[in-house]
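Right, one structure below, let's go through it.
Only the coordinates and a few stated rules stand behind these numbers; no lab work does. Quantities reported herein were computed from a predicted structural model and do not represent experimental measurements. All Cβ positions, glycine included, derive from the backbone under ideal geometry; neighbour counts span all protein chains shown.
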Amino acid sequence: MSQPPVLGLHGVTVALPPGADRRLAVDDVSLSLSAGETLCLVGESGSGKSVTAQAALGMLPRTLSLTGGTLTLEGRPLPAQRDPAWEALRGRRIAMVFQDATASLDPVQRVGRQLEEVLEVHGVADREARRDRVMALLEAVKLPDPARVWRAYPHQLSGGQCQRIVIAGALLLDPAVLIADEPTTALDVTTQAEILRLIAELQAARGTAVLFITHDIGIVAEIAHRVAVMCEGHVVESGTRDAVLTRPQHAYTRRLLAAAPRPAETQAVAVPAPAVLEAVDVGRTYRVPSGLFGSRPVPALDGVSLRL
Ligand code: ADP
Ligand code: MG
């Protein structure tokens, strides 16, 4: 027999409160996740993806109840929902990243301090060790100038940079499982692509098992090893990425694939003249403090031209 899955869900069932649009948020869901693997949980809004993640993190809201199923982490049963025993596991063996990075960060504390606090809470007593570990992670998530980022407040960073910090925080204690719930949905497409690449690289380097939740088939095509398709609380289909994307068995999966946007066909359009707004070769460089008394240039705009 091979190793037990890093994360195993068997027959997980979560009831909705009375009067909801359906009886069960999650209905008999079974998933397994191995080390170094990315399992994409895909389905339209309301299909039960986030509730599945909450159950796997012991974070179900009180209005929802786990009415059936077993959950295991590294072969051992997970604590009951909201049990204090989760404090030793969450962040340490199983970590999470959510859609809204800024909501995961404290707006009034420097980001480096916030990350060091995670280590402190989990018993890393040595100050120097905490500082070194945080700087190493800020570098691992490819933030420019990690020393400056350490001192920054979240509002001084972009959405993509904040999400990199949240990812650094999630990986600080080398968890076996990372659950990412729509982590790139709030980001522009270029930043999204960079974050997806980053997660894949970190996962490959660390052997983390990743449960990646998305409604976006394009992301599934890019990063999944395996896919589970959810519809109205059920997993209706699962398999390898190529099997599910190229030979979908379930009608719902076919509908989801058919609805996925494709690159638009481009057509030449005539440009009306004259211009009402024109910018030619616009540049703007800020000077930011650097070193004890010095400053250094940050080119924010460089050679931007546009015509409307
Ligand atoms: P998804 O993440 O796939 O968009 P969710 O897992 O958030 O969907 O939701 C699944 C179902 O559970 C939906 O019908 C949603 O309305 C319901 N639901 C989610 N969270 C709560 C909650 N805290 N209280 C009541 N119903 C909820
Ligand atoms: Mg969701």
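Each distinct pair of alpha carbons in region 1-58 adds a 1/r term; the inverse of their mean, the Kirkwood radius, is 12.7 Å. The Rg/Rh ratio for region 90-136 is 0.98, where Rg is the radius of gyration of the alpha carbons and Rh is the Kirkwood radius.
Peptide packing for 155-161, 285-291 was compared via the average number of neighbouring C-beta atoms within 10 Å per residue; ordered from the highest value, the list is 155-161, 285-291.
By its C-alpha gyration tensor, with a ≥ b ≥ c as the square roots of the eigenvalues, how is region 163-291 shaped: rounded for a/c under 1.5, else prolate for a/b larger than b/c, else oblate? Taking the square roots of the gyration eigenvalues as a ≥ b ≥ c, region 163-291 is oblate. Entry note: region 1-101 has Rg to Rh equal to 0.95, where both radii use alpha-carbon atoms and Rh is the Kirkwood radius.
With the cut-off at 1.5 for a/c, could you classify the chain from its C-alpha gyration tensor as rounded, prolate or oblate? Verdict is oblate for the chain. In region 100-201, the convex hull through the Cα atoms has an average projected area of 6.2 nm², a quarter of its surface area.
Using θ = phi - 60° in the Karplus curve 6.51 cos²θ - 1.76 cosθ + 1.60, the 3J(HN,Hα) couplings for region 92-98 round to 9, 9, 9, 10, 9, 9, 10 Hz; x is entered for Gly and Pro.
With both residues required to sit in the chain, DSSP beta bridges show an antiparallel share near 60%.
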